[in-house]
Amino acid sequence: ALWGVFFVIEAAADYHKLLFTSNPANKGQFIRTGLWAVSQHPNYAGELGMWWTLAAFCVRGLGGPWVAVLAAPLFETLLLLFVSGIPLLDKAAAKKWGDSAEYKAYTARTAVLVPFLY
């Protein structure tokens, strides 16, 4: 059930972004509606939640080789948080909207990934 919750979060975030970018009135704007109002990267939050939930169930079932089970979600987390996901998107967003007071306010008040945590 928990995996399904994270799946819905990722799918809803992607759908919100699709609706936003499909509207010509939003051209050149950054998204801050739907799940994007509480997280700057809600799709990544959902994706990482799915990975870690799956790993938790596998570790419990396997017992012994838990290090191997944790390799995939750990690698995915490191990539999204420090290498290719959030850093690249934040750099591009700062280049595009970094001078905007509205964008600065959004990034100051909105969690990067998980509301109330990060």
Task: Cα-based reach from LYS104 at 16 Å (exclusive), listing lysines while leaving out same-chain residues under 8 positions away - done: LYS91, LYS95, LYS96
Task: Per residue solvent-accessible surface (Å²) - the chain, probe of 1.4 Å - done: 64 Å²
Task: Kyte-Doolittle mean at least -0.5, axial Cα span of 24 Å or more - DSSP H helices of the chain - done: 2-22, 42-62
- [ ] Just need the relative contact order of the chain here, percent rounded to a whole number, with Cα pairs under 8 Å and 6+ apart.
- [x] 32 percent
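Please give the FRET efficiency for ALA93 paired with TRP66, using the beta carbon to beta carbon distance and R0 = 25 Å, rounded to the nearest 0.05.
0.10
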Task: At R0 = 30 Å, FRET efficiency that the Cβ-Cβ distance of TRP3 and LYS27 yields, to 0.05 - done: 0.25
Open item on the list: Counting pairwise Cα distances across the chain, what percent come out greater than 20 angstrom?
Closed with: 49 percent
- [ ] Starting from the residue with the highest accessible area, list ASP14, ASP99 in decreasing order, probe 1.4 Å.
- [x] ASP99, ASP14
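The values are calculated or read from the model by the stated rules, or taken from the named source; none is laboratory data. What you are looking at is a predicted structure, and each value in this text was computed from that prediction instead of being measured. Virtual Cβ from ideal backbone geometry, glycine too; neighbours counted across all protein chains shown. With ligands, DNA and RNA removed, areas are computed over all heavy atoms of the protein, side chains included. Shrake-Rupley method; radii C 1.70, N 1.55, O 1.52, S 1.80 Å.
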